[in-house]
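Encoded as structure tokens, the structure appears first; notes follow it.
The values are calculated or read from the model by the stated rules, or taken from the named source; none is laboratory data. Quick caveat, the model's predicted, so the values are computed rather than measured. Glycine also receives a Cβ, built like all others from the backbone with ideal geometry; neighbour counts cover every protein chain displayed. These accessible areas exclude ligands, DNA and RNA; they are computed on the full protein's heavy atoms, side chains included. Shrake-Rupley method; radii C 1.70, N 1.55, O 1.52, S 1.80 Å.
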2 protein chains.
Amino acid sequence: MRGLMQDFPLLVHRVLDHAARWHGGTEIISRSVEGPIHRTTYAQLNARARALASACERRLGLRLGSIIGTMAWNTWRHLEIWYGVMGLGAIVHTLNPRLFTDQLDYIINHAEDQWIFIDLSFVPLFEALQEKLPRVKGFIIMTDAAHMPAATTLRNVICYEDLIAEGDCGFVWPEFDENTACGMCYTSGTTGNPKGVLYSHRSNVLHGLMCALGDAMAISSRDRMMPVVPMFHANAWSIAFSGPLSGAAMVMPGPKLDGASIYELLDLGKVTITAAVPTVWLMLLQYLEQNPELRLPHLQRVVIGGSACPESIMKAFVETYGCDVIHAWGMTEMSPIGSLGTRSEQVARLPESEWWKIKLKQGRPPFMVDMKITDDDDNVLPHDGRTFGRLKVKGPAVAKSYFKGEGLNAFDADGWFDTGDVATIDQYGYMHITDRSKDVIKSGGEWISSIELENIAVGCSGVQEAAAIGLPHPKWDERPLLVIVRRPGAAVDRLAVLSHLQGRIAKWWMPDDVVFVDDIPHTATGKISKMELRARFSDYRFPAT
Amino acid sequence: MRGLMQDFPLLVHRVLDHAARWHGGTEIISRSVEGPIHRTTYAQLNARARALASACERRLGLRLGSIIGTMAWNTWRHLEIWYGVMGLGAIVHTLNPRLFTDQLDYIINHAEDQWIFIDLSFVPLFEALQEKLPRVKGFIIMTDAAHMPAATTLRNVICYEDLIAEGDCGFVWPEFDENTACGMCYTSGTTGNPKGVLYSHRSNVLHGLMCALGDAMAISSRDRMMPVVPMFHANAWSIAFSGPLSGAAMVMPGPKLDGASIYELLDLGKVTITAAVPTVWLMLLQYLEQNPELRLPHLQRVVIGGSACPESIMKAFVETYGCDVIHAWGMTEMSPIGSLGTRSEQVARLPESEWWKIKLKQGRPPFMVDMKITDDDDNVLPHDGRTFGRLKVKGPAVAKSYFKGEGLNAFDADGWFDTGDVATIDQYGYMHITDRSKDVIKSGGEWISSIELENIAVGCSGVQEAAAIGLPHPKWDERPLLVIVRRPGAAVDRLAVLSHLQGRIAKWWMPDDVVFVDDIPHTATGKISKMELRARFSDYRFPAT
């Protein structure tokens, strides 16, 4: 028997409708790409998103299922494009300007983007790239007529404000199935080509609700929220949806992510909650250290994710600036939030020092993320904080496949997505990533965490960077090799490193060798490229013991 | 194009799964019907709910779509029944013991309840009623063998704990469509027979998420939540879902709702958030006044709904006990929450006295409730805080029809549900109920609020109760008649009442007459029965002016 409740599809433009109707006067403050601070409201943003939608339909020919690209900073205009285009039933594919250009043209062609909306910053990039993008019909430059570049070689250029001016702000959103695609983001895979993740209206609305909950970001209409995390980075960690559905004011940092600029907006926007990767916070904290008279009186919560956050950053926010820090973990494939390190009542009873150990972990999954750790045979492993296994997840905002059916081996028959991470889960439910599963070192059937080895090794005096990789071993299958870059002028040697490790790790984790190199290879996103490193050491043989 | 996100139906037992897996040690504390305080955890509750489900399937023959009744207080057992039965895809129909017995047998027969789960308190009631319930196969008494009534004339009696003991706590929940019905609650209509509202898994999960949000009840795993509002009252205001999905500890008050008992549980359970109708809070506050040494140190938020809350109750909580009060409004047809009076940032800037005027209103709708006020021709009226119109709502947790297709005139072609209330909405989005639409007095095309007339009239010295009704008038269509019950011994007269009203209401709102009666008729739920009053005055004619 079916319930007798209304059919109310979860469509993302309903989020903006809610914000416009019930928080119509609430502000969206942006640093514009042109320079000045720009202020608008949800009511105005809603009207412009509708105008944009109608103009996109008429002039650009966008329909249900059309795909457009955006390469843009976080501004009110980028929000308008998300809501306006998604509201049509078309798809916004966010492009990360930090990708290598060959990756960019690959993903634009692979996604079959019809038009690309770009900020002024990216005009030169696309002038150079457009020849490789034969299917792209043209480019919309996200500025007004006064700021349009005097001469550009881009084909079919449209000025964004002219496009909006053609539109009808009374445009009525079409209704369609909530499983309709609305957003697309490619993962920068370390192996093979990038793969497209295709978000749906339903997944974005549910994920937005999930992220707004009290054990996630706890967002309300009393908040003023600044996503420093770019909208082109993993669906902006939900904030373009979780903020408006909560009626929070939005503060958009535009193109300037340096410490001084971020501080200026935190202060000017009276920001209460913000989110970014550790690097951004490091820059902010350095700026604040150089300006000791500055405080963060409005800021309550700092969400940190993208990579594991060093304790020093978290402690500085909590102890020096009185803000809480929420350590978050996720993946593009998870929309992206998978877990957050907020305090549960049980953990709240622990002493502060115990809580800090937990706070450094990746946190607990909110409702609508299912999570398990398993061994290689898919047996579920215990939540004891020590046993580590493959981290697998499930949920309405977790991918079930990649665009065009690629990468199917990441999804098992029961629908669990293998994150590629290796993790522990403790008795309180807090998950801790210990490695990537392809980097974990499998020695005699047991697993050694390469990341833990590296983290301990960089604590050794004279070590600048360390990478641990598993290399074939006749008896143990794999054994760890530790690769080290010395600090300039340092003379640290093999024995010094090994004796630093002694007592800090289990005996059988001890690397079979330590080698010194001038540089360690990195991926485009700044992570150590274990793949390249393993290739470099493919002929290496461990010394006989 | 469809998104490539996982199919993850929103099923209510996933809520309990989440609580059991990630908050397994979190407590559910109940005052048992047998007397003692009972403690369990989400992990245990989940195991018992699964055992119950398997036993219900095997012994009671429950299947997808089967309907059972419950007449029970708020305890861990009632939670187990909700989750266990709903998890099977069967439907829990909650029965309100405060209904008249002829309404009870009507709704049990109308719903076609197959079995009824009852607390010990209700054995005599069903012994008397069972002859009128020929389709009910039997009764499960929610207690253990030791407390089973020695002799009962109830047919096919099963002891609840025996039933659980037969079950398999490793039972695997079946998967089914999220639109499957799971709960049923009849509205106690003032006209005609009660009508059944049929909740779905999807509506309950979405409504639970909505109620947990920061502008609703702001629930987290740091909370300890006590629903004093019974689970048989309008879907327990979401708390059986919004609490567990947030990982909040639950404190269940069982059968004792008097001031002393409620205080005892607030204290013993270290309750941080609670919810009930004003009457309960009045009893608690009276108890606290009699025991001035008592405080409420843990309690942070008191949700008050069911009827408009007097300012004195709200002020006592805020000013004397330091708790915040959330004024909520809803209807059984809305699952039931429609709006909550939490503070938005814009309103937070107003002076405290202005905020109090707003706090007494019924609040703002959270995301997923759409709301509008219209005139009789369905034109949308402005949000100016003065214009009042018919209040209509829409949302995924709002009914689209009643059980067996009754009451269709409440739903319009665009899917809006006419609440039957008349309301204003102010510039900040706060809604204020000014009347029931069938009670509003229509004079010369304009509307007069009967409730506002009554509220002002009871402020007149010597007036105990007042009711305003519209009666036919040859020129104005309707004009107000004010019906008054004097306080014992008071001599207040027509002129005194009219002069009290003067200056407090618009001139054209002035009642055409004031009559004094010994009693005003009330409905089963304690509201003034305007219908009966109008019938009583059907032959009345206004004096010639």
Of all residues making up the range B:301-314, the number that are in contact (Cβ under 8 Å) with a residue 24 or more places away in the chain and open to solvent by 40 Å² or more (accessible area, probe 1.4 Å): 5
Elements of type helices (runs of 4 or more DSSP H) contained in the range B:51-130, each with 2 or more residues being open to solvent by 10 Å² or more (accessible area, probe 1.4 Å) and more than 17 Å from B:F241 (Cα to Cα): B:101-111, B:123-129
Would you mention how many residues in the range A:247-264 are surrounded by 22 or more Cβ atoms within 10 Å (Cβ to Cβ), outside any loop (DSSP other than H, G, I, E, B) and among the hydrophobic types (A, V, I, L, M, F, W, C)? 5
Considering (1) open to solvent by less than 40 Å² (accessible area, probe 1.4 Å); (2) over 30 Å from B:V422 (Cα atoms), say which one B:E293 fails and leave the rest. (1)
Is it true that B:G363 is at positive phi and at pLDDT 95 or above? yes
Counting only residues that are more than 15 Å from B:W416 (Cβ to Cβ) and either hydrophobic (A, V, I, L, M, F, W, C) or in contact with a Gly (Cβ under 8 Å, 6 or more places away or on another chain) (or both), the range A:4-20 contains a total of 10
Residue by residue through the range B:440-499, note down the ones that are closer than 25 Å to B:A308 by Cα and out of contact with any strand residue (DSSP E or B) (no Cβ under 9 Å at 6 or more places or on another chain). B:E446, B:G459, B:S461
Take the residues in the range B:398-409 that are in contact (Cβ under 8 Å) with a residue 12 or more places away in the chain and not in a loop (DSSP other than H, G, I, E, B); name whichever of them is surrounded by the fewest Cβ atoms within 10 Å (Cβ to Cβ). B:K404
Test B:S66 against the criterion of being in contact with a strand residue (DSSP E or B) (Cβ under 9 Å, 6 or more places away or on another chain) and within 14 Å of another protein chain (Cβ to nearest Cβ), and give yes or no. yes
Of everything in the range B:198-240, what is more than 22 Å from B:L11 (Cα to Cα), away from chain A (no Cβ under 13 Å) and touching a Pro at 6+ places or on another chain (Cβ under 7 Å)? Give them in sequence order. B:M226, B:V228
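Rundown of residues vs (1) within 8 Å of another protein chain (Cβ to nearest Cβ); (2) modelled with pLDDT of 95 or more; (3) assigned to a helix (DSSP H, G or I); (4) surrounded by fewer than 22 Cβ atoms within 10 Å (Cβ to Cβ), yes/no style:
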{"site": "A:P9", "(1), (2), (3), (4)": "no, yes, no, yes"}
{"site": "A:H13", "(1), (2), (3), (4)": "no, yes, yes, no"}
{"site": "A:L16", "(1), (2), (3), (4)": "no, yes, yes, no"}
{"site": "A:R21", "(1), (2), (3), (4)": "yes, yes, yes, yes"}
{"site": "A:I28", "(1), (2), (3), (4)": "no, yes, no, no"}
{"site": "A:E34", "(1), (2), (3), (4)": "no, yes, no, yes"}
{"site": "A:R39", "(1), (2), (3), (4)": "no, yes, no, yes"}
{"site": "A:N46", "(1), (2), (3), (4)": "no, yes, yes, no"}
Could we say that A:G254 is away from chain B (no Cβ under 13 Å), on the phi > 0 side of the Ramachandran plot and at pLDDT 95 or above here? yes
Got at least one residue in the range B:146-155 being within 23 Å of B:A72 (Cα to Cα) and in a helix (DSSP H, G or I)? yes
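Conditions tested, residue by residue: (1) within 14 Å of chain B (Cβ to nearest Cβ); (2) within 28 Å of the chain's Cα centre (by Cα).
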site: A:E131; (1), (2): no, no
site: A:I141; (1), (2): no, yes
site: A:A146; (1), (2): no, no
site: A:A150; (1), (2): no, no
site: A:I158; (1), (2): no, no
site: A:V172; (1), (2): yes, no
site: A:Y186; (1), (2): yes, yes
site: A:G196; (1), (2): yes, yes
Among the residues of the range A:212-239, which ones are more than 21 Å from A:T75 (Cβ to Cβ) and among the acidic types (D, E)? A:D215
Checking B:G89, B:G69, B:G84 in turn, the sole residue that is modelled with pLDDT of 95 or more and within 22 Å of the chain's Cα centre (by Cα) turns out to be B:G69
